[in-house]
Amino acid sequence: MSAQLRDTAGELAEILWREHTVYRERSGGVVIRGEHVRRWISLAPAGGRGEVLVRAGRILDGGTTAPARSEAVVPLSAGTDVLAAICRRLLAEAAADVAPVAPRRAAPGRPKRSKRSRKAARPKGSGKHTSFGSWVILACVAGVIGLFAYSTAMHG
C-alpha cells in the first residue's frame with residue numbers, strides 16, 4: 001500500500017503544484033508540501049481497505065506545519081483526477097479558515113482614544129476599589145498569620 005500511496009502522491013503533486021516536495025511520514029503516510037503556496041497535503045492509509053485519509057493544512061512561518069484544517073476519506077481506486085479535485089477543495093477550505101484578520105481601527109472621522117482619555121472619561125467616585133473576594137483573601141491571610149503568632153507564643 002505504501003508504494004502505491006507514494007506513486008499516487010507523486011502524480012497528485014504534479015497535478016496540484018509546479019513546485020513541491022514529496023516525503024514519507026513515519027506512520028507510513030506521504031506528505032506533499034507546496035512551499036510557494038504555504039500549504040501541505042497528507043495521504044495516509046485509512047481504516048478501510050484501499051481507502052486513503054487526505055488531510056490539508058498550512059505551512060507556518062519558519063517552515064513548520066500547522067495542524068490539519070480539513071480532511072476526507074477517499075477510495076484510492078477513485079483515480080488521481082478525483083483525488084486532485086478533493087485535495088483542491090480541502091486546500092480551499094484550509095485557506096478560507098485562515099483569512100487574515102485586519103487590526104481594528106478607529107472609525108473614520110473619529111480620533112483614537114488613548115488610555116488617559118478613557119480614565120478621564122470615568123465618572124467621579126468610580127475609582128479602583130478592592131473587591132469583596134480580595135477582602136476575604138486578605139482576612140484569611142491575616143487569620144493564618146495571627147494563628148501562627150498565637151501558636152508560637154503558646155508553645156514557645
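The values are calculated or read from the model by the stated rules, or taken from the named source; none is laboratory data. In this text the structure is predicted, and so the values were computed from the model without any measurement. All Cβ positions, even for glycine, are placed from backbone atoms using ideal geometry, and neighbour counts span all protein chains on display. With ligands, DNA and RNA removed, areas are computed over all heavy atoms of the protein, side chains included. Shrake-Rupley method; radii C 1.70, N 1.55, O 1.52, S 1.80 Å.
Things worth noting here:
- Complete set of residues in the range 2-25 that are among the aliphatic types (A, V, I, L, M), buried (at least 18 other Cβ atoms within 10 Å of the Cβ) and within 21 Å of HIS36 (Cβ to Cβ): ALA9, LEU12, ALA13, LEU16
- In the range 57-77, the residues that are more than 15 Å from GLU93 (Cα to Cα) and not in a loop (DSSP other than H, G, I, E, B): ASP61, GLY62, GLY63, THR65, VAL73, VAL74, PRO75, LEU76, SER77
- The single condition among (1) modelled with pLDDT under 90; (2) in a helix (DSSP H, G or I) that ILE137 does not satisfy is (1).
- So ARG69, is it under 26 Å from the mean Cα position of the chain (by Cα), open to solvent by 30 Å² or more (accessible area, probe 1.4 Å), charged (D, E, K, R) and at pLDDT below 85: yes
- One residue alone among ALA13, ALA78, ALA66, ALA9 is in contact with a Lys or Arg (Cβ under 7 Å, 6 or more places away or on another chain) and either under 21 Å from ALA96 (Cα atoms) or of a type outside the set (Ser, Thr, Tyr) (or both), and that residue is ALA66.
- Any hit, the range 32-40, residues being at pLDDT 85 or above and of a type in the set (Phe, Trp, Tyr): yes
- Residue match in the range 45-56 (condition: part of a loop (DSSP other than H, G, I, E, B), over 19 Å from VAL82 (Cα atoms) and open to solvent by 20 Å² or more (accessible area, probe 1.4 Å)): yes
- Being closer than 22 Å to HIS36 by Cα, modelled with pLDDT of 85 or more, open to solvent by 50 Å² or more (accessible area, probe 1.4 Å) and of a type in the set (D, E, K, R) is a property that holds for ARG88.
- Of all the listed residues (GLY29, GLY63, GLY34), the sole one being out of contact with any Ser or Thr (no Cβ under 7 Å at 6 or more places or on another chain) and surrounded by 18 or more Cβ atoms within 10 Å (Cβ to Cβ) is GLY34.
- The residues of the range 72-85 that are without any contact (Cβ under 8 Å) to a residue 40 or more places away in the chain, open to solvent by 10 Å² or more (accessible area, probe 1.4 Å) and among the aliphatic types (A, V, I, L, M), listed by number, are ALA72, VAL73, ALA78, VAL82, ALA85.
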